[in-house]
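> Right, I'll just put the structure down here and ask away after.
The values are calculated or read from the model by the stated rules, or taken from the named source; none is laboratory data. Only a predicted model underlies this, so the values are computations on that prediction, with no experimental measurement involved. Cβ coordinates were reconstructed from backbone atoms using ideal geometry, including for glycine residues, and neighbour counts include every protein chain displayed.
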Amino acid sequence: MRVLGLSEVRPHARRVAVGQFDGVHLGHREVIADNGTVLTFEPHPAAVVKPSAAPRLLTSFDRKRELLEALGVEELVVIAFDAEFAALTPGEFIDRVLVRTLAATSVSVGVNFRFGHGARGDASRLAADPRFTTRVVDLVEVGGAAVSSSRIRTLVAGGDVRAAAQLLGYDFVLQGTVVAGDQRGRELGFPTANIVPDPMLACPGNGVYACRVGEHMAAVNVGVRPTFGAGLGTLVEAFLLDFRGDLYGQSLSVEFVARLRDEQRFAAVDELVAQMRRDVEQTRKLLGSVLT
């Protein structure tokens with residue numbers, strides 16, 4: 001998949017899907033279907049227009065790129081969204097970007113897509129332009145409600161990763177670099193790979209989860225380690241089942257499959273260790289035999 005900035009694009013007939021596509025969820029996939037080019041924005045427009053309201057994203061740009069490529073998208077055009085671009089009127093966006101730069105013959109958007117200064121442009125504005133055909137995709141519903149990035153963010157923050165996966169079309173993934181911890185897990189017989197969550201990205205709510213990390217099952221704690229009163233902020237601690245090795249400094253992708261329980265404070269370390277053993281066994285039962 002080619003990844004281009006606007007200045008690198010050469011005009012030729014294109015079928016273009018336009019949107020932010022955070023999470024590349026089931027609804028986004030309907031918009032993207034049968035389009036060779038995807039046009040998106042980086043950073044998220046809210047981070048420029050109203051930073052205080054900017055959401056914690058479901059996917060980093062690199063992760064979004066991977067998901068789009070897996071869908072068979074041939075070309076990803078990235079608009080560097082800044083205050084100057086935000087000032088474009090809907091008409092200027094259509095003329096400069098869709099027509100002059102991309103030479104779009106077909107434009108696909110979700111029914112709630114907005115564009116241009118003050119978000120004054122909408123799908124009907126695109127459909128009224130005779131220079132290209134416009135495909136407006138209705139909202140996809142799961143469980144009687146529309147699939148949206150905001151709905152998925154709420155599920156992830158609440159720890160309902162199974163429901164989030166039903167809307168995403170894949171298990172929610174948290175990525176990060178393994179950092180040194182306080183070695184507490186190793187002392188307890190459960191050495192963990194520790195990741196500090198990126199504050200700009202969504203993170204499952206505090207609790208214990210059954211996850212996959214590469215080929216391994218993992219029991220993962222998200223939280224603040226209340227038994228020890230560490231006071232170091234949120235940490236993702238992944239105990240990889242049947243793994244021996246050093247992961248410090250490596251980038252890991254943690255796939256959250258199911259929530260096992262809330263994070264809790266134990267009166268004694270022995271109680272914590274006994275619960276951790278139960279978490280591991282429950283993870284193994286949920287995810288099946290050891291992955292190879």
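> Looking at ALA80, ALA70 in this structure, which one is over 30 Å from VAL222 (Cβ atoms) and under 22 Å from the mean Cα position of the chain (by Cα)? Walk me through it before giving the result.
Values: ALA70 fails: over 30 Å from VAL222 (Cβ atoms).
Of ALA80, ALA70, the one residue that is over 30 Å from VAL222 (Cβ atoms) and under 22 Å from the mean Cα position of the chain (by Cα) is ALA80.
> Moving on. Output the residues belonging to the stretch 139-151 that are surrounded by fewer than 14 Cβ atoms within 10 Å (Cβ to Cβ) and outside any loop (DSSP other than H, G, I, E, B). Even if it seems obvious, please write down each step before you answer.
Going residue by residue through the stretch 139-151, those that are surrounded by fewer than 14 Cβ atoms within 10 Å (Cβ to Cβ) are 139, 141, 143-145, 150.
Across the stretch 139-151, the qualifying residues are GLU141, ALA145, SER150.
> Would you list the strands (runs of 3 or more DSSP E) that sit entirely within the stretch 176-282 and hold 1 or more residues that are modelled with pLDDT of 85 or more and either more than 26 Å from the chain's Cα centre (by Cα) or among the hydroxyl-bearing types (Ser, Thr, Tyr) (or both)? Can you show your working first?
On the way: elements: 193-195, 207-213, 216-223, 235-240, 251-261.
Per the criteria, 207-213, 251-261.
> Six or more apart or on different chains, Cβ atoms under 9 Å: show the pairs whose first residue is in the stretch 216-236 and among the charged types (D, E, K, R) and whose second is assigned to a strand (DSSP E or B) and at pLDDT 90 or above.
Final answer for the pair search is ARG225/LEU235; ARG225/GLU237.
> State which residue pairs qualify: first residue farther than 16 Å from ILE32 by Cβ and inside the stretch 119-142, second residue at pLDDT below 95 in any location, beta carbons under 6 Å apart, and separation of 6 or more residues or different chains.
none
> Can you tell me which condition HIS28 does not meet? The list is (1) on the phi > 0 side of the Ramachandran plot; (2) at pLDDT 95 or above, and all the others hold.
Checking HIS28 against (1) on the phi > 0 side of the Ramachandran plot; (2) at pLDDT 95 or above, the one that fails is (1).
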